[in-house]
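What follows draws every value from the coordinates through simple rules; no lab data is involved. These figures come from a predicted structure and were not determined experimentally. Note that we place each Cβ from the backbone using ideal geometry, even for glycine, and neighbour counts take in every protein chain shown.
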Amino acid sequence: MKAFLDALARDFPADFSSNDPAELATYGKDWTKVFSPSPSLLVRPRSTAEVSRFLALASAHGLPVVPSGGRTGLAGGAVACKGEIVLSLERMRTIHPVDSLALTVRVEAGVITEAVHVACAEHGLFWPVDFASKGSSHVGGNIATNAGGVRVIRYGLTRQWVLGLTVVTMSGEVMELNGALEKNNTGIDLRQLFIGSEGILGIITEATLKLTRLPGKVDVFLFALDSLQGVLKLFEEARKGPFTVMAYEFFTDACSKRLEKHRGLRPPFEKSASHSVLLEVEDAKEGALDAWLASLFERGLVVDGTLAADLAQQRALWTLREGISESLSATGMPHKNDIALPVASLSVFCTELEALLERRYPDWELCLFGHIGDGNLHVNIMKPDALGKDEFLAKVHDVDRDMFELVRAHKGSVSAEHGVGLLKKEWLEYTRSPIEIDLMRHLKATLDPKGLLNPGKVL
């Protein structure tokens, strides 16, 4: 270790590394509350070259490294809990000029997601990777986890919006993958190996992002409904509506009550209901839209509803949905699950899930929300105040198993958008076959033969 520290002091800037206890505690964790951070060192490079030189040094000394972005993940993918070195990319925040002809922008991995949105909006363009943590999440982390978000139903996942990557392997090798090419039919697309790999194969340091035009006229609605089946029926109707669906989000009244307790906000309904749906649409045809809305009430598909009159009201309605995750954590200890089902299986699965939760947790508070338009459900079980943390985690572990059996039966995923990390590693076989897992292990062994890069995650 002394030889490593001597080389670090000799070959890197004085502020490159830190062993300050407060910084180690901060950078060694993500939003997952289950794991305790205990990194041995923090390093903050300023360039791909520095990342390369540092990884080569760490590899030569056999020291494990955990890449760190905005640390907004919920699967323990950025946690350093076994003395690893945390490599934070937060100093790498260069946004190169937007290319309005090619509709691309080149950025470093530490750029904040919202900063990309702001830079591109000046050109009438948009990188459509968007979620509640956009003000703190990093582009590199978004790509490494193939982040989803609130508009997947309209634009797809992060991987659809990445043209090229710069990746550094644990040995310090730098790979330039695909550049800014739209078409490149020359064998296996290695870029896609690293998108969604959670930092176990290489560290993404730069990316060329694909852009699109800013949305046209957008309308935001909030509807009150009396059941989860009603949420699914309204979704079916929305897909036939006179507009393009941009987002379709739902949350239960239990979520609303936690949001009210934390931030003093409630849905603006005259009538109370068990479920709320936030619907965002683009280019609605006004006459047809009025008729569509009227039919919802005439057929009793919704209990109540409101349309945002301006941008401020749109933001207020979105806050009701995007403030939920923060509010759950601020008002208690949630056990979070982020699952995905084929859209065609949602109705049957949700019926079975409701029966399972009622049978196992009749007296526990359940907070359900998510991007149901793309099959993604967030299942949150709140720890009762009288129950200890360890006992709570032991009990919900058993329910995870039963719920994931349902997920497997319906050919779903145990993790829709937060990845596997440490938290879902045990359940990977419920979504991936033995041959798939074996292939993942071979890829890991090929690119990181010493097993030093984000060790223990995913596999």
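Rg of the Cα atoms in the range 252-359, relative to 2.2 N^0.38 Å, amounts to 1.25.
Tell me, what ³J(HN,Hα) does each residue in the range 121-127 have, in order and in whole Hz, if you take phi through Karplus 6.51 cos²θ - 1.76 cosθ + 1.60 with θ = phi - 60° and put x for Gly and Pro? Ordered by residue, 3J(HN,Hα) equals 4, 4, 10, x, 10, 8, 9 Hz.
Each part gets one Cα centre, and for the range 1-53 versus the range 356-372 those centres are 40 Å apart. Calculated FRET efficiency, Ala49 to Thr331, Cβ-Cβ distance, R0 = 35 Å: about 0.20 to the nearest 0.05. Restricting to Cα pairs below 8 Å that are 6+ residues apart, what does the relative contact order work out to for the chain? Please round to a whole percent. It comes to 16 percent, rounded to a whole number. Modelled this way, with points 7 Å down the Cα-to-C-beta line, the labels at Lys217 and Ser18 are 5.0 nm from one another. In this structure, the amide hydrogen of Ala247, modeled 1.01 Å from its nitrogen in the peptide plane, lies closer than 5 angstrom to those of Glu280, counting only residues at least 5 positions away or on a different chain.
The dipole here belongs to the chain: it is taken about the Cα centre, uses +1 on the Cβ of Lys and Arg and -1 on the Cβ of Asp and Glu, and is about 700 debye.
Normalised size of the range 92-148, defined as Cα radius of gyration per 2.2 N^0.38 Å with N residues, equals 1.04. In a fully extended conformation the segment linking Phe4 and Glu176 would gain 59.1 nm over its present Cα-Cα distance, using 0.36 nm per residue. Take 386-393, 56-63 and order them by the average number of nearby Cβ atoms within 10 Å per residue, most first; the result is 56-63, 386-393. Put a dot 7 Å past the Cα of Lys183, heading toward its Cβ, do the same for Gln229, and the two dots end up 5.0 nm apart. Relative contact order for the range 218-302: 50 percent, from Cα pairs under 8 Å spaced at least 6 residues apart, divided by residue count. Selection among His410, Gly388, Leu428 by position relative to the dipole of the range 332-435 gives Leu428 as farthest towards the positive end (Cβ unit charges, Cα centre).
The base-10 log of I(q)/I(0) for the range 378-459, evaluated at q = 0.16, 0.17 Å⁻¹, reads -0.74, -0.81 [Debye formula, identical scatterers on Cα atoms, solvent excluded]. The stretch between Ser36 and Asp438, if pulled fully straight at 0.36 nm per residue, gains 141.8 nm over its current Cα-Cα span. The share of Cα pairs per 10 Å bin across the range 104-213, counted from zero up to the longest distance, runs 15, 50, 30, 5, 0 percent.
Listed by chain and number, the lysines placed with their C-alpha closer than 21 angstrom to that of Lys240 are Lys217, Lys285; residues fewer than eight positions away on the same chain are left out. Using 0.36 nm per residue and subtracting the Cα-Cα separation, the extra length available between Glu122 and Ala409 on full extension is 98.6 nm. Spin-label model, Leu307 to His397: label points 7 Å out along the Cα-to-beta-carbon direction sit 5.2 nm apart.
For the range 165-242, the list of GluC sites (Glu not before Pro) that fall in a loop by DSSP and count at most 12 other C-beta atoms within 10 angstrom reads Glu182.
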